[in-house]
Structure formats: structure tokens, C-alpha cells
């Protein structure tokens, strides 16, 4: 008996070192020191039988009530547990069945809503790939093999996009979106492995309004919680109101002009050239070369129904053949706005990150690298 008690004492001492508490061992829980949360019951069973740590990561919440969405509309309300890479849902209406939440679809929809250029036509089947008619997407290597090895349709769901570049925090690389996951190809690692994006963390924990010394300005507080900000933009800087701006739409993109004061008090005039085809949206920044007294036009003759851009837009368009080829001719005249501008930590131009056109309630967010997104402002106040 004494030897048995001694062994039990040794096991009790070792359990915390293994990331399991004695109480957890008694109740069937599996606990994780990294986050302090535990998994148990049917959620633990599903987690362990469907890839565990590699597929879901560690838990980042306990069991909580939450809502799933379909195109911003509530589609299901119930008990869930959040993990680094997703959400597991306990569906009592299905006899207590556990399903992986469609966080890939929800996050992809949020990002897809930012596009201001029409989406391309549906794709055609490609040789060597698997085509999904439901979403008009091809699934090709190396994503196809990973999808097949790791649960396929039941675990990952349908593909929602073609592979494209994405910036997420400090990482930038190629990704493909699926209903329940985002696959990421990490070329910075040996062998360029595919890893699953940390969608659960992005949804649950990356809330810069709680960690940044300065909030985003009030009128877009709700929009600030969307993925483009807390994934790409970093913390906001001081707000500038009453900023002169202008925009002009082209066949395949947009030009945005912004005039902001610098620290010295001089006016800095920038032109942002947003290329809309192919997606995702990308941008370049040019100094405005036009000054009062210079010719406004190049006296070009556009095709019927189209326009030649003028002033600074026109000079950049005429001076850089790649801009002219990418954008095409203007489809509308230049429109001026009064705007609120707020710089962000990760924005490529340190004094321009977010540009809100107050009269149209529309804003552009110029993120790190070449990534840009645009939103119609979400209704305020917060629900």
C-alpha cells in the first residue's frame, strides 16, 4: 500500500509538468498550460480524432455561447469552443454532434466585402486539379494533397478562392481559402510547408482597441473590428480631420489623391494608384507631380464613353506606362471629398493609413506592402 501511495504521489507531481492537472486527470479533461484552457467530452473526442494540435491548435477559450454567420446573417447559435485555428461547435439540435465551424467562410466573406472592383468570371476546370462546381474553384497542388490528407470536405470544406497573396501581421505569403480553414504556404520555412492559418486567434484575440494606446476614430469603430484592421494595419495614430481628397475610377482600378500636413506644416500630396485586376487589390504611391498653372490635360482622345484623367491623376497616368496599361481609361470624372485621415503603424506611407470620405461614408485602408482594401462603413453605434 505504501509503495502504491508513493507511485500515486509521483504521478501527481508529474501531471502539471505534462500540462495536465490532477483534477483534469480525474474529470477526463485535457488542459493546456499555454493558454490555461481545457477540453473535454465530445469536443475533446472530435479534437483528438481529427488532427488535434496540428489541425486545431490549443484551446483559447472555454465553452461559450456564440453565433455563426452566413453572409453577415445569424445562421446558428449555440455552445462552441475556440481554438488557435478554428471553432468547434456543439450542435444539440443534431444530437450533440460536434462540427468544425465555417470560420474560413466567415472570414473570407468579410475580406471579400472589401473589394471595390467586380469579381472575375467563374473559373473553368484545370488539368491536374479538382474542380468544385459549387464554388467554381479549382483545387490544385500542393493544396490538393494537403486537403486530401487532412480530412478533405468534411474537415476543411469547399475551396472558396484561388491561391493569392495575403499579409497577416508580420507574415506575407500565398494562401487559399476554404469553408473551415485558410491554407498558408510558408516559403520562409524549409520545404515551403502548408500550415493552417490561426483563424481562431484572429477572430478572438487580436483586438487592437484593447492594446493600442490610441483608438481608431469613433465613426468607424465598428469597422475597426473587421479583419483588415486587426490583421493588417497595426495600431492607429493621431486623427486628421478636414483633409482634402479626391478619387477617380478607371476601367480596371481607382486613383485616390490625399493632401495632408506634415510635421513641418508643409502639405504632402500623394496619389494612390489601386490596381483592381487581377485580384487581390494592390496599390502604389506617387508624389503628386501637378501644380497650379501647368496644363491640366494631355489632349488625348479617349474611346467613346471614357475619359482622359487630368491634373495630377493625368500626369501620373501619362508618365508611367504600366499605370496606364493597368488602369485603362477613366470611366468617371474626378470627384473631390473632405475626409478624415488616420495613419496606422503598418501602413506603407507613415502619415496615411485610413482615408474616410465623410460625404459618401466610404473608406480606403492602405496597409503594409501593396495591400489595400475598401469598405462601406458599417452602421454605428455598435450593437
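Overview of results
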{"item": "Every residue from the range 248-302 that is in contact with a helix residue (DSSP H, G or I) (Cβ under 7 Å, 6 or more places away or on another chain), over 15 Å from residue 336 (Cβ atoms) and without any contact (Cβ under 8 Å) to a residue 40 or more places away in the chain", "result": "286, 289, 297, 298"}
{"item": "Hey, residue 25 modelled with pLDDT under 90, surrounded by 13 or more Cβ atoms within 10 Å (Cβ to Cβ) and assigned to a helix (DSSP H, G or I) or not", "result": "yes"}
{"item": "Selection status of residue 189, farther than 19 Å from residue 138 by Cα, touching a helix residue (DSSP H, G or I) at 6+ places or on another chain (Cβ under 7 Å), assigned by TED's automatic domain parsing to the domain that holds residue 145 and modelled with pLDDT of 75 or more", "result": "no"}
{"item": "Test: residue in the range 326-343 that is exposed (fewer than 12 other Cβ atoms within 10 Å of the Cβ) and without any contact (Cβ under 8 Å) to a residue 12 or more places away in the chain", "result": "no"}
{"item": "Selection status of residue 306, surrounded by fewer than 17 Cβ atoms within 10 Å (Cβ to Cβ) and either at pLDDT 90 or above or under 18 Å from the mean Cα position of the chain (by Cα) (or both)", "result": "yes"}
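The values are calculated or read from the model by the stated rules, or taken from the named source; none is laboratory data. These figures come from a predicted structure and were not determined experimentally. Cβ sites come from the backbone with ideal geometry, for glycine too, and all protein chains shown count toward neighbours.
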